[in-house]
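Peer 1: Would you mind keeping the following structure in view while I ask a few things?
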Amino acid sequence: MTDPVIDTTAWRERVAALQASEVTAAVLVQCDLTWLQPGLVGIRNEIDQAVMNAQLRRGADLTVDRVILHNLPVVAGAVARPASVDRAFEEWHQRLSATSLLLCTSDRPAPRIHRLILGGDQSSAPIPDMVEVLDNGDWTDHQRAGLALDIIHTVGATTPLTGYDMNLDGPFGDADPSIYM
């Protein structure tokens with residue numbers, strides 16, 4: 001796997017634009033395995049935080065569609081993937097799922113996180129990583145945003161990330177037997 005260069009400055013600028021009232025929608029694609037490398041955990045968390053803050057502040061005035069991988073690709077010829085990549089993948093999904101649950105209220109829909117399903121023969125996503133915003137009715141890059149939105153709307157290409165597998169009871173919840181003692 002060759003690590004593409006992620007322009008952190010561009011990502012920060014585009015994600016910061018989510019706070020502007022002129023921006024009504026955004027599409028973010030983070031499907032490259034580079035996002036799971038230890039050196040990018042800081043910017044990945046920063047982007048997650050900025051998106052969450054924008055969604056909290058703007059509510060229904062901002063629609064954000066995010067595309068992440070549903071499954072990690074099997075790279076032909078590779079002996080094994082580092083365990084740290086698998087752990088980062090699982091942790092990121094868990095955190096995004098929990099955030100989704102926390103942000104969903106009666107006046108604000110849950111964030112729309114689409115997990116891109118890769119076929120067994122695919123070693124990478126068919127769309128580039130991006131953050132494109134709809135500013136005053138115009139996408140920052142109409143063609144790239146269109147690619148992402150086409151995949152999101154293609155039946156069977158993605159599946160939503162939900163909080164269905166989150167354990168919300170915690171150590172002192174109703175499911176904990178000690179609560180009844």
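Readers should treat all values here as calculations from the given coordinates under stated rules, not as data from a laboratory. This is a predicted model, so every value here is computed, not measured. Note that we place each Cβ from the backbone using ideal geometry, even for glycine, and neighbour counts take in every protein chain shown.
Peer 1: Multiplying the sequence separation of ILE117 and ASP150 by 0.36 nm and subtracting their Cα-Cα distance, what value in nm do you get?
Peer 2: Using 0.36 nm per residue and subtracting the Cα-Cα distance, I get 10.5 nm.
Peer 1: Something else now. Around ALA10, what is the net charge, scoring Lys/Arg as +1 and Asp/Glu as -1 over all other residues with Cβ under 12 Å from its Cβ?
Peer 2: -3
Peer 1: Between ARG87 and ASN71, what is 0.36 nm times their sequence separation minus the Cα-Cα distance? Round to one decimal in nm.
Peer 2: 4.5 nm
Peer 1: Also, I was wondering about something else. Using θ = phi - 60° and the Karplus relation 6.51 cos²θ - 1.76 cosθ + 1.60, list the HN-Hα couplings for region 150-158 in order, rounded to whole Hz, with x at every Gly or Pro.
Peer 2: Karplus values, whole Hz, x for Gly and Pro: 4, 5, 4, 8, 7, 4, x, 7, 9.
Peer 1: Using 1/(1 + (r/R0)^6) with R0 = 22 angstrom and r between the beta carbons of THR162 and ASP61, what's the FRET efficiency to the nearest 0.05?
Peer 2: For R0 = 22 Å, the calculated efficiency reads 0.40.
Peer 1: By average Cβ neighbour count within 10 Å, what is the ranking of 21-27, 81-87 from highest down?
Peer 2: 21-27, 81-87
Peer 1: Let me ask something else about it. Rounded to a whole number, what is D in µm²/s for region 8-164 from Stokes-Einstein with the Kirkwood radius over alpha-carbon pairs (20 °C, 1.002 mPa s)? Numbers along the way, then the final one.
Peer 2: Details: Rh = 16.1 Å.
Taking Rh from Cα pairs, D becomes 133 µm²/s.
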